[in-house]
Structures are given as structure tokens and as C-alpha cells.
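The values are calculated or read from the model by the stated rules, or taken from the named source; none is laboratory data. This structure is a prediction, so every number in the text was calculated from the model and none was measured. Here Cβ is always computed from backbone atoms with ideal geometry, including for glycine, and neighbour counts include all displayed protein chains. For the accessible areas, the whole protein counts, side chains as well, though only heavy atoms, and no ligand, DNA or RNA atoms are used. Shrake-Rupley method; radii C 1.70, N 1.55, O 1.52, S 1.80 Å.
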Amino acid sequence: MASIRSSWSENPVKSLPALLAGGVLVLSAFASPLAGALDLGGLTNSASLAVKAATLSDAEVVDLADKSCAALDRTNKIAAPGSKYAKRLAAALKPLNMSKFNGKKLDAKVYLVTDVNAFAMDNGCIRVFAGLMDIMNDDEVRAVVGHEIGHVLLGHSKKSMQTAYTLQAARGAAGAVSGTVATLSQSDLGDLGQKFILAQFSQSQETDADDQSYGILYKEKLPRTGLVTLFQKLAKLEGSGHSMFSSHPSSPDRAQHIQSRIDKDG
């Protein structure tokens, strides 16, 4: 889901970075041949790790998710179990009747950051940002989480983790040529997690995840209008006439798509 800043004012520790230099770092190893001697060993190392990233097994992706989610948890303040955010998220998700997804125990927590965002990983890690909860009602929060779970169930999140791992490989931060998850440092794992959060899905992937969320809500006989009003709110935040990211369908279009399904299904 696209990250949007909110005006949350309850003294969060910090906001997750809006931008990462990953794209620049991917190019830097190849863009300056005149700057000095070319490190062929480093390029070979990065290329080998890029191949490794593309062939990560499901178990390796889950392992990466375990470690990168833990690294993000260490650097972002988490709402305490008895806090209003934690209680509200638990209450909002309970009607989903989903103690597990992707075969992993659901682990949902709230980051006390101002971004309007959320993410889910293949290991069951779900993190909802306080900035999102401040502007969304419970039906909308449920719809967002269903959408993020949809990305996992449809295999999109695995591909995003592979892409994030490739970026780490391209900057030479992923260790030896035979590198595995175990070779990543804590800072590398934190970078990996942030790259995962900021990854953009294609228009078709976003639409498919919207439909997955719709299906989850429909199955449990829960209100689906939260998916509509969610995108209506995002449209106002984004500004009229354009989508936040060109690769995403516009929020008004997404709202209309879900409303059409509701009208058809009753």
C-alpha cells in the first residue's frame, strides 16, 4: 500500500523514511567506470547474489521475513499490548477468524509512526502504522489488512522480498557469494525490511489484492464498504486527479471497482 504522511501528533519516535537510495545504489556499481579500477570481484559477488535472490525458496523467504521484521521491530516503537492502538487492532482483526495465514501464525502489531501504511510478510508479520489507524475506521483497517494479506497469499510479497534482497546484493551488502540469510547484518536486515515496505506492486497486483481482501470479508460476512471508503479517503489525501504512484490504479477507480462488486453481489 502507498505510504502517505498524516498529521498524527502523539509524539511518535520517528517516521519510516519516505525515500531510500536503493535505486541509486543499484546503478552505482555500473555507472562510474572512469572513477577508478573496476572491482570485478565485487560485481561477480553481487551478480551471484542477484541470482540467489531470484531463486529464494519459500522457506528462505520466510526466514528473511522473520529476520527483517524483527529488525524493523527493534528500530520502530511498537504500541504496547494494553494500549488503545493494540486493543483496537486486535478487536478489528478478530472478526476475520484468521489466526494464521500462509500457514504461519498471525502476528499483528502497531508501529507508532505517522505514515499511513501497513504491510504483511510471508512469516505472518503484519504491521499497521498509527497514522493509518488515526484516519481509518475499523472496517477500513480490516480491509487494509485483508489487502496486505492478499499480497502474501497471491505470491506478490515473496516477489517483493526477492526484489529487496536483489537490491541488497547489488549494493554489495549481502555478504559472500554463497551468501544466505545468515550472512546479513542487523543493519542490512533493517534496510531489507524498509526496501520491502517501499516496494511498489503493479496495477494488476494491487487490483488482485483488493479482490482478495473483498473475498476475505465476503467469506466472513463482514462489511465490504470499508474497501470503498478506504480508497475514497486515500483519494482525498493523494489529491484529486492523480494516483499517488503511476504504477498503481487510482484510488477512485479502486473504490468504484469494489462498489461495482458490492452492487453485483448484494
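Some observations on this one:
- When the range 98-128 is filtered for residues that are under 17 Å from A80 (Cα atoms) and touching a residue at least 60 places away in the same chain (Cβ under 8 Å), the ones remaining, listed by number, are Y111, L112, V113, T114, C125.
- Residue tally, condition open to solvent by 10 Å² or more (accessible area, probe 1.4 Å) and either free of Cβ contacts under 8 Å to residues at least 40 places away in the same chain or in a helix (DSSP H, G or I) (or both), over the range 149-159: 5
Here's the yes/no breakdown for (1) in contact with a helix residue (DSSP H, G or I) (Cβ under 7 Å, 6 or more places away or on another chain); (2) part of a helix (DSSP H, G or I):
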{"site": "L56", "(1), (2)": "yes, no"}
{"site": "V62", "(1), (2)": "no, yes"}
{"site": "A65", "(1), (2)": "yes, yes"}
{"site": "A80", "(1), (2)": "yes, no"}
{"site": "L93", "(1), (2)": "yes, yes"}
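- Residues in the range 103-128 that are on the phi > 0 side of the Ramachandran plot and surrounded by fewer than 19 Cβ atoms within 10 Å (Cβ to Cβ): G103 alone.
Here is a yes/no grid of residues against (1) modelled with pLDDT under 65; (2) closer than 18 Å to A70 by Cα; (3) more than 14 Å from the chain's Cα centre (by Cα):
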| position | (1), (2), (3) |
| --- | --- |
| T166 | no, no, yes |
| A176 | yes, no, yes |
| G179 | yes, no, yes |
| T183 | yes, yes, yes |
| Q186 | no, yes, yes |
| L192 | no, yes, no |
| K195 | no, yes, no |
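- Candidate set from the range 64-90 (those that are under 20 Å from the mean Cα position of the chain (by Cα) and of a type in the set (S, T, N, Q)); member that is farthest from K221 (Cα to Cα): T75
- Qualifying residue in the range 107-128 (condition: more than 22 Å from G190 (Cβ to Cβ), modelled with pLDDT under 95 and assigned to a strand (DSSP E or B)): no
- Screening A71 on (1) assigned to a helix (DSSP H, G or I); (2) open to solvent by 10 Å² or more (accessible area, probe 1.4 Å); (3) farther than 20 Å from S213 by Cβ; (4) not charged (D, E, K, R) shows it passes everything except condition (2).
- The one condition in (1) within 15 Å of the chain's Cα centre (by Cα); (2) under 18 Å from P81 (Cβ atoms); (3) surrounded by fewer than 22 Cβ atoms within 10 Å (Cβ to Cβ); (4) not β-branched (V, I, T) that L93 fails to fulfil: (1)
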